[in-house]
Amino acid sequence: MKSFLLPLLAATSATAHYTFPALVANGASTTDWQYVRKTTNYQSNGPVTDVSSNQIRCYELSPGSGVKTYEVKAGDSVGFVAKSSISHPGPLMFYMAKVPSDKTADTWDGSGNVWFKIYEQGATISSAGMAWASQGKSSVSVPIPKSLPSGEYLFRIEHIGLHSAGSVGGAQFYISCAQLKVTGGGSGSPSPLVSFPGAYKATDPGIQINIYYPIPASYTPPGPRPWTG
């Protein structure tokens, strides 16, 4: 019986993983990996589990892969397609990083204290347990802050699967970075700025947590609070 069940469980676990390969904007989705940097898990769908790894930034397969930059207006809603839907319980977050003036979105690696959060979605907690609004979704979007300065940005989605997060290294990070050119922006100053890796520790309470029992009284996603512009 064991020899039959173990492969079955492994297959079930693999199909529960997901990627974010395409953008959703202006009511339509783009081609996979057209504006989104191809991730290391583009075939396996497996997660990042080491928050100290450079893979926690964009989970990028190889820099400079010819990805295009998508133009949006400040205030537009932009997001990602989730394949094959967000199946795990956990928080959803969006970050951005402004490309330096001497670089372009397709040549910049996103290193340094340059990332700011623009959205986070935690849990709804009741006596029945923790519920996550993003779970089961096949696409998720967020408005680009209207006061965000115009320019080129990396646009990062992060969903953390917390179903096995009771021990260090158990949290599963599903990440993608797209390349955006924002027009019609304002004069805001996004903050606070963090780096990836660096923004998280494996023992952060939003990362190492048993979400099942006892039911947590509260939950705060890891990292800084969002900049709203």
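General remarks:
- For residue 142, the amide hydrogen comes within under 5 Å of the amide hydrogens of 78, 79, counting only partners 5 or more places away or on other chains and with H modelled in the peptide plane.
- Environment charge of residue 95, counting only residues whose C-beta is closer than 13 Å and scoring Lys/Arg +1, Asp/Glu -1: +3
- Between residue 225 and residue 126, the modelled label-to-label distance comes to 2.7 nm, taking each label 7 Å out from Cα in the direction of the beta carbon.
- The range 156-220: chymotrypsin sites (Phe, Trp or Tyr not before Pro) in DSSP coil with no more than 14 other Cβ atoms inside 10 Å: 212
- Using just its DSSP H runs of length 4 or more, each adding -39500 (n - 2.57), the chain gives a mean residue ellipticity at 222 nm of -2000 deg cm²/dmol after division by all residues.
- Fully extended contour minus Cα-Cα distance, from residue 204 to residue 167, at 0.36 nm per residue: 12.2 nm
- Note on residue 34 and residue 133: the model spin-label points, each 7 Å out from Cα along the C-beta direction, lie 2.8 nm apart.
- Summed side-chain charge close to residue 188 - residues other than residue 188 whose Cβ falls under 15 Å, Lys, Arg +1, Asp, Glu -1: +4
- Axis angle, to the nearest 10 degrees, between helix 2-15 and the longest C-alpha principal axis of the chain: 20 degrees.
- For residue 92, distant residues with modelled amide H under 5 Å away: 121
- A simple rule links phi to the HN-Hα coupling: the Karplus curve 6.51 cos²θ - 1.76 cosθ + 1.60 with θ = phi - 60°, which for the range 189-195 gives 10, x, 6, x, 9, 10, 10 Hz, with x for Gly and Pro.
- Magnitude of the charge dipole, the range 13-91, Cβ model with Lys/Arg +1 and Asp/Glu -1, debye to 20: 80
- Residues in the range 107-128 that a label on residue 54 would reach, taking backbone N under 11 Å of a point 7 Å out along Cα→Cβ: 109-111
- Phi-derived couplings, Karplus 6.51 cos²θ - 1.76 cosθ + 1.60 at θ = phi - 60°, listed residue by residue for the range 200-206: 10, 10, 4, 9, 4, x, x Hz, with x used for Gly and Pro.
- This model, with +1 at the C-beta of Lys and Arg and -1 at the C-beta of Asp and Glu, gives the range 47-105 a dipole about its Cα centre of some 80 debye.
- Of all beta bridges that DSSP places with both ends in the range 18-183, some 90 percent have antiparallel geometry.
Where a number appears in this text, it was derived from the coordinates with a stated rule and is not lab data. As the structure is a computational prediction, the values presented were derived from the model and not from experiment. Don't worry about glycine lacking a Cβ; one is built from the backbone with ideal geometry, like all the others, and counts go over all protein chains shown.
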